[in-house]
Each structure stands twice: as structure tokens, then as C-alpha cells.
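Undergrad: Dumping the structure here so I can ask a few things about it.
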Amino acid sequence: MANILVLGAGVYQIPVIECIHRLGHRAIVASIPGNYPGFAYADEVVYEDTRHGKELLEVARDRNVKAVLTAGTDVAIPAMGYICEHLGLPGIDARTGVLSTTKIDMKRAFMDAGVSTAEFYTVPVDASERDCLEVSERIGFPVIFKAVDSSGSRGCVCVTEPAQMRDALDEVRGVTSNDHFIIEKYLVGIEFGMQLFLQHGELKLAMTHGDYVSPGATSVPMGHYVPYGDDELIASATSESLKAARAVGIGEGAVNVDAILCDGKVYIIEIGARAGATLLPELVCVRYGFDYYQAIVDCALGNEVAVPAQTNACSAAMVLCPNRAGTIVSVDHMPKVAGDVRIASLDKGAGDQVRRFHVGPDRIGQILAVGNTLEEAERTLHAAQDEIVISMDDGAPLDWLEPKRV
């Protein structure tokens, strides 16, 4: 039995903790205090900020930790790399922890390595609207304002005209704790993603996936689906994604890639040294017919991982995104997990407050369905979603934000 340090206690850490238990190991969960669901699953809780690498290193040393993991969030990645490097554990090093989470350094690494990525400039966070306009005109509208120290699409704003500068600046300033941010070219095309898995620098898994996103100027992921893309796109995306992973130094474990197809060319938007969120590991499980979480844990422990061949399985997964705010009075009906409905669960219950979906943490549950075709999987997913009946304090049942499929 090994002690494994899990950084974070949110909903995306729970499957990791459960897998650690299935494999007979002990999960030490580190997070700041709060109402985080992962605490209830932990063998031990350590109240520490997941950004504090030095303090967490002492925790890891004291507990004789054999692996460090996180999932679904970039916040803890620098600390994970710091601990792995200092303890000689499998995984990323401190430099990669920074490169894979600091957007400016990541983009520079991409450009140095010849990775296809969008043109960008760094701008002081206290820059005037005029300064931002000059940069934006140099690049050419539309552009994206991006906070360099956030994840989950927070602090990312599409600007299509000068009149939107003020609101974009206010949003970035409200999110970032840094003294600068990025203005980059907004590539008009089709966004998609890729999940990679590497061990000893060798690519063992590469799965493209399509996205379900929220309506509006700045799209936020609401879910994903598989399969996605033809052979040519998959080959190009795999090549650019692997180049991007190597550019920031990722050679072990799960990798989350955001990409876009623009004018027939694949561009890499961002890359993360961890598994994706919004049920992406579960989609990998279905597509490859194996326990992806076990592969992630085994790799972090230094065990050799065998990845089976990709299957033809079709699946669609979506988080439940409230269309309005309020308080849950009761959960009157949930679909059964049976047949082609593989996951149907809620994060919240009676008495909990919900927000109208704007960013990832506003989710209140999740559904995953499979089918012989993607269309069949989507029909099953939507039928299951329609079965959910949640009474709210305004007297009406909760309804859901409808995503766009891209």
C-alpha cells in the first residue's frame, strides 16, 4: 500500500481518489478548507493551498508519499511538478509545471519549438484601453484577452470591436493576480480537444474529441463527445499535440490539449499536464475499453502501463448546467445508471444553492451515455437529462442550458 498525495478536493478529484482505493492505496487529500466533496473520500485531509509547493513537499516527505496527482484543474500543476522533482517521483518537473500552466511561457515554448499556435502579445494588467486597442489592431480583430493564471475559461474574453475593451479589461482584472495578461489572435474555426497519455516520453494514447460548449461570445466547455475528426485531422492533431507536450517537457502521464482547426490547419491553443475535465477521462475509458484512472495512478507510481487499442465505441458526456440561479428544494427524479446510461449523478442536493452556468464550477452534475453511433449516444444522453426533475425555491423545476455542438 502506497501513500498518494492528491492535490485538490473538487469533484474531478473524486474518481482519482476512488481509483487509489480500488488499487489498495491510501489517498492523502490536500486543499484549502471549504465545502469540497473530495474531503469525504480521503483517508487523510491536509489543509494546505495546492499552490504552495514547498509546504506540500514537506507533507509529502513526512507521509513518505510515492506519487502526486491532480485532475481537471491546472492550479495544482506547478506544485505537483515541484514535489515530483524534489522527491524524484515519476511525473513532470518544476519547470514543466510552470510552462504548462503559465500561458505566456507556454506560448513562448510553443513558438520556440515550432508548434502551430496563435500570434500573441503580453500586456500590463494596468494598460489603458488605448494601449490594448493598439495591440489588438496590430494583431487584427477579433482577439482574445486572457488572464495568464486561470483555468476553466475564467478571464478569457473575446473582443470583436473597440467598444468591448473596457468590459474585457475589467473581467481579466477581476480574475488575475498577475501584473500582465495576453492579447492573442482569435482564430475563427472549429475548436476541439485531444487527450494524450505518455510514459517515458512515448505516446501511448491519443484521442481526439469534439466539444459541447455554452452559447455566447466566450464558449465554456459543457461536455465532450467521441469519435471526432477524419484520419487527416487526427494525424495532424496528434503530431502538433505531441510536439506541444514535448515543448513544455511533458513526458509522463495524462495530457489535456485544446486545439482549433482554422483554414484546414490545426493550431494548439493550450496544453495541460493532467487529464481533462468534464468527463474526458471517462470518455477515454469507454473509447479504449480500460480503466484510464488506473493508468494515470499506475504511471504516477512508476508502474508500466499497457494501453489497449482504440475501439469504435461512441459516447457523449455532459455536465448539468443550470439555466438559472436558485436553491434546490428537492430532487424528485434521477435517471438510472443502466444500459447505455453509464453515468448519471448530481453534485448538489436539497438545500444547496445553484448558479446559472457561466464557468465550469457552476455545474451541478453529469451524464455519460453510449451508443452504436454518436447520434444514438446523444439521444440517450438527452433523454436521460429530460428525466431529471429538480424542484427549486421559485416553485418551478430546474431547466438546463442547452449547449452548442462543435
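The values are calculated or read from the model by the stated rules, or taken from the named source; none is laboratory data. Being a predicted model, the structure only gives us computed values, none of them experimental. In this analysis, Cβ positions are derived from the backbone assuming ideal geometry, glycine residues included, and neighbour counts consider all displayed protein chains.
Undergrad: How many residues does the range 61-77 contain that are in contact (Cβ under 8 Å) with a residue 24 or more places away in the chain, surrounded by fewer than 24 Cβ atoms within 10 Å (Cβ to Cβ) and over 19 Å from E18 (Cβ atoms)?
TA: Filtering the range 61-77 down to residues in contact (Cβ under 8 Å) with a residue 24 or more places away in the chain leaves 61, 63-77.
From what's left, surrounded by fewer than 24 Cβ atoms within 10 Å (Cβ to Cβ): 61, 63-66, 73-75.
If we keep only those that are over 19 Å from E18 (Cβ atoms) as well, we get 61, 63-64, 74-75.
So the answer is 5.
Undergrad: Looking only at residues in the range 239-259 that are outside any helix (DSSP H, G or I) and more than 18 Å from the chain's Cα centre (by Cα), which one is farthest from I271 (Cα to Cα)?
TA: Of everything passing the filter in the range 239-259, G251 is farthest from I271 (Cα to Cα).
Undergrad: A further question on this structure: So, in the range 1-56, of the ones that are at pLDDT 95 or above and touching a His at 6+ places or on another chain (Cβ under 7 Å), which residue ends up surrounded by the fewest Cβ atoms within 10 Å (Cβ to Cβ)?
TA: Ranking the candidates gives A2 first.
Undergrad: Would you check if there is a residue in the range 333-354 being among the aliphatic types (A, V, I, L, M), surrounded by fewer than 21 Cβ atoms within 10 Å (Cβ to Cβ), outside the structural domain of P281 (by TED's automatic domain parsing) and within 30 Å of V157 (Cβ to Cβ)?
TA: no
Undergrad: Is it true that I83 is among the hydrophobic types (A, V, I, L, M, F, W, C), modelled with pLDDT under 90 and in a helix (DSSP H, G or I)?
TA: Considered against the rule, which asks whether it is among the hydrophobic types (A, V, I, L, M, F, W, C), modelled with pLDDT under 90 and in a helix (DSSP H, G or I), I83 comes out as no.
Undergrad: Could you grab me the full set of residues in the range 322-355 that are touching a Phe, Trp or Tyr at 6+ places or on another chain (Cβ under 9 Å) and either part of a loop (DSSP other than H, G, I, E, B) or hydroxyl-bearing (S, T, Y) (or both)?
TA: If the condition is that a residue be touching a Phe, Trp or Tyr at 6+ places or on another chain (Cβ under 9 Å) and either part of a loop (DSSP other than H, G, I, E, B) or hydroxyl-bearing (S, T, Y) (or both), then N323 is the only one that fits.
Undergrad: Identify, please: which residue in the range 132-185 is of a type in the set (F, W, Y) and crowded, with 20+ Cβ neighbours inside 10 Å and is, among those, nearest to V266 (Cα to Cα)?
TA: Looking at the filtered set, the residue picked out is F145.
Undergrad: Another question, if that's okay. For A316, indicate whether it is more than 19 Å from the chain's Cα centre (by Cα), part of a strand (DSSP E or B) and hydrophobic (A, V, I, L, M, F, W, C).
TA: no
Undergrad: Can you pull out every residue in the range 147-171 that is within 19 Å of D105 (Cα to Cα), in contact with a Ser or Thr (Cβ under 9 Å, 6 or more places away or on another chain) and not small (G, A, S)?
TA: Of the residues in the range 147-171, the ones within 19 Å of D105 (Cα to Cα) are 147-156.
Checking which are in contact with a Ser or Thr (Cβ under 9 Å, 6 or more places away or on another chain) leaves us with 147-153, 155-156.
Matches in the range 147-171: V148, D149, C156.
Undergrad: To continue, here is another question. Within the range 7-22, identify whether any single residue is part of a helix (DSSP H, G or I) and touching a Ser or Thr at 6+ places or on another chain (Cβ under 9 Å), and answer yes or no.
TA: Looking for residues that are part of a helix (DSSP H, G or I) and touching a Ser or Thr at 6+ places or on another chain (Cβ under 9 Å), one finds at least one in the range 7-22, hence yes.
Undergrad: Hey, another quick one. Looking at the range 363-379, which of the residues that are of a type in the set (A, V, I, L, M, F, W, C) and out of contact with any Asp or Glu (no Cβ under 8 Å at 6 or more places or on another chain) is surrounded by the most Cβ atoms within 10 Å (Cβ to Cβ)?
TA: Restricting to residues being of a type in the set (A, V, I, L, M, F, W, C) and out of contact with any Asp or Glu (no Cβ under 8 Å at 6 or more places or on another chain), the top hit is I367.
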